[in-house]
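Bear in mind these aren't lab numbers, they're just calculated from the coordinates by the rules spelled out. Quick caveat, the model's predicted, so the values are computed rather than measured. FYI the Cβ positions are ideal-geometry reconstructions off the backbone, even for glycines, and counts take in every protein chain you see.
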């Protein structure tokens, strides 16, 4: 599954737009996590407890976005974005969203191998 933040994919043509796709997760910080973060805040620097929580939430939202796109029959998502909001004290939602599309290689373009940003893209998942 190709997922890009741009509105098109170099070397590919969008042949069908399937609509909006999203992945949403809502996370809260645990008491233990808050205690660990408070200690890190006291000493300054990167607050790794919150960094890990944010990264995990973004990955989960991304994975849900990809699942949603697959269920619609897409092989790519364009214009992908993230949004995050605190919806209650210590509760945050993370949303990944974009447009599900079906793409095909443009004839004469190299998309199946070689080097460059899309080498091996689309394989797996």
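Numbers at a glance
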quantity	calculated
Rough spin-label spacing in nm, given labels placed 7 Å along Cα→Cβ, for residue 106 and residue 17	1.9 nm
Computed FRET value (nearest 0.05) for residue 86 with residue 7, which takes r as the C-beta separation and R₀ as 30 Å	0.50
